[in-house]
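Down below is the structure, laid out as structure tokens.
The values are calculated or read from the model by the stated rules, or taken from the named source; none is laboratory data. Only a predicted model underlies this, so the values are computations on that prediction, with no experimental measurement involved. When we count neighbours, we look across all protein chains shown, and the Cβ atoms used for this are built from the backbone with ideal geometry, even at glycine. Each accessible area value is taken on the protein alone, full model and side chains, heavy atoms only, with ligands, DNA and RNA left out. Shrake-Rupley method; radii C 1.70, N 1.55, O 1.52, S 1.80 Å.
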Amino acid sequence: MTVDPNAATQSFPPQPPAHRAPSPARYLIPALVAAAVAVGLGVYGKTHHPAGTAFNLAGFSSTGAVKSWLASTAFFFALIQLISAFMVYGKLPGPRWSARLHRWSGRIAFLVAVPVAVHCLYALGYQTYSTRVMWHSLLGCFFFGAFSAKMLLLRSERLPGWLLPLVGGLVFTILTLIWLTSALWFFRTFGVTT
């Protein structure tokens, strides 16, 4: 009996495609970008000569009040994002549009936080004259680094299920600490003013 070596084999099931382990670059690149953003902001804030003020909005008594209200608005939308994340992951009941609420609350929180960060960097720089201010400066730089990593990880496929909630929780925790060391401190020190 002769066997044709080019004939298709019918007796073996086809092999499923091999699942490759995720490349370390999938995690390394977001981590490197996060570090570069955080360090870059810190270096800029430390080497830039503080201008004293960057903006003020009509109706507010000071730039501190503007920053505190904007930071509180960002924190409010971050709380909405946290709650909607629990809905998206099935930990809380929620409407079908929970994912959309999660995305938009995050976008609004970020957009409101950017002017605050620009003012802090341009007008005040990276300061270390007190423990509270040092932590606030460090956390501000770290927040934008962690946020950058989260945005890059969102576009990655086949992430471990725990990674995105962990990074998102880290971003939320940092933002909370920033709010505690800035807006809450301002309101407790100078009163809730506009």
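Criterion first (touching a Pro at 6+ places or on another chain (Cβ under 9 Å), in a helix (DSSP H, G or I), open to solvent by 50 Å² or more (accessible area, probe 1.4 Å) and farther than 14 Å from Gly45 by Cα) does Leu180 satisfy it? Spelling it out, it is not the case that Leu180 is touching a Pro at 6+ places or on another chain (Cβ under 9 Å), in a helix (DSSP H, G or I), open to solvent by 50 Å² or more (accessible area, probe 1.4 Å) and farther than 14 Å from Gly45 by Cα.
Among the conditions (1) part of a helix (DSSP H, G or I); (2) open to solvent by 40 Å² or more (accessible area, probe 1.4 Å); (3) among the charged types (D, E, K, R); (4) touching a residue at least 12 places away in the same chain (Cβ under 8 Å), Arg188 misses just one, which is (4).
Return a yes/no flag: does the stretch 129-136 have any residue that is open to solvent by 40 Å² or more (accessible area, probe 1.4 Å), modelled with pLDDT under 90 and assigned to a helix (DSSP H, G or I). So far as the stretch 129-136 goes, no, none of its residues is open to solvent by 40 Å² or more (accessible area, probe 1.4 Å), modelled with pLDDT under 90 and assigned to a helix (DSSP H, G or I). The residues of the stretch 96-115 that are over 15 Å from the mean Cα position of the chain (by Cα) and part of a helix (DSSP H, G or I), listed by number, are Ser98, Ala99, Arg100, Leu101, Pro115. Being touching a residue at least 60 places away in the same chain (Cβ under 8 Å), hydrophobic (A, V, I, L, M, F, W, C), open to solvent by 70 Å² or more (accessible area, probe 1.4 Å) and over 22 Å from Gly42 (Cβ atoms): is that true of Phe86 here? No: the conditions fail for Phe86.
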